[in-house]
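Before any comments, here is the structure.
The values are calculated or read from the model by the stated rules, or taken from the named source; none is laboratory data. Being a predicted model, the structure only gives us computed values, none of them experimental. Here the Cβ positions follow ideal geometry from the backbone for every residue, glycine too, while neighbour counts run over all protein chains shown.
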Amino acid sequence: MENKNAIIDFEGSISFETMEKLLNQLKSASQFNALRKPVRNRVYGTVVESIDNIFKYATPFKNKGNLQNKPPQIIVKEADGKFIVSAGNLIRNDQVEDLKYKLNRINMMDDDELKSLYEEVINKEAKEEDRGAGLGLITMAMRTDENIRYEFDPAGPGYTYFTMQITIKE
């Protein structure tokens, strides 16, 4: 999957060590360092959140049976004055509808509505069964002027490969 224009092009399991390595790779990239500080902070925060989401929510991809061996991936590249952060990971089919609902909901909101939703979610008491309130998705949506693009692709019985793309203008 070699991407020549990518600052980060990683495929594999995510650990704390991997996170640190990928973030250091981003911070040392000349394209990243050439950005104005507010844009650099938005790109960095989006990459952190994307890697964290994979770390927290990805279904292990090395399972027996017919499940495709589709590892998590993170790609960060610069194209046409924009930074594009793409992330993908395997999820269970029972997670698809909730994730799709959250993404569609935030994609329909303007900046003020996103800020209001952020406040609502951050102040809401988490239930024990909650794996996440979508706060990371809301935060990423607040960092971009475009909708979060996403896809769900079947990946074997009971599983789906989820990919999302966040674009940040320079």
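Restricting attention to segment 2-16 and to residues that are modelled with pLDDT under 95 and acidic (Asp, Glu), the residue that is farthest from the chain's Cα centre (by Cα) turns out to be GLU2. When segment 21-31 is filtered for residues that are at pLDDT 95 or above and either touching a Pro at 6+ places or on another chain (Cβ under 8 Å) or in a helix (DSSP H, G or I) (or both), the ones remaining, listed by number, are LYS21, LEU22, LEU23, ASN24, GLN25, LEU26, LYS27.
Any chance you could count how many residues in segment 84-107 are in contact with a Ser or Thr (Cβ under 7 Å, 6 or more places away or on another chain) and of a type outside the set (A, V, I, L, M, F, W, C)? Walk me through how you get there before you give the answer.
From segment 84-107, those in contact with a Ser or Thr (Cβ under 7 Å, 6 or more places away or on another chain) are 84-88, 90-93, 96; that's our starting set.
Filter again for of a type outside the set (A, V, I, L, M, F, W, C), leaving 86, 88, 92-93.
The qualifying residues number 4.
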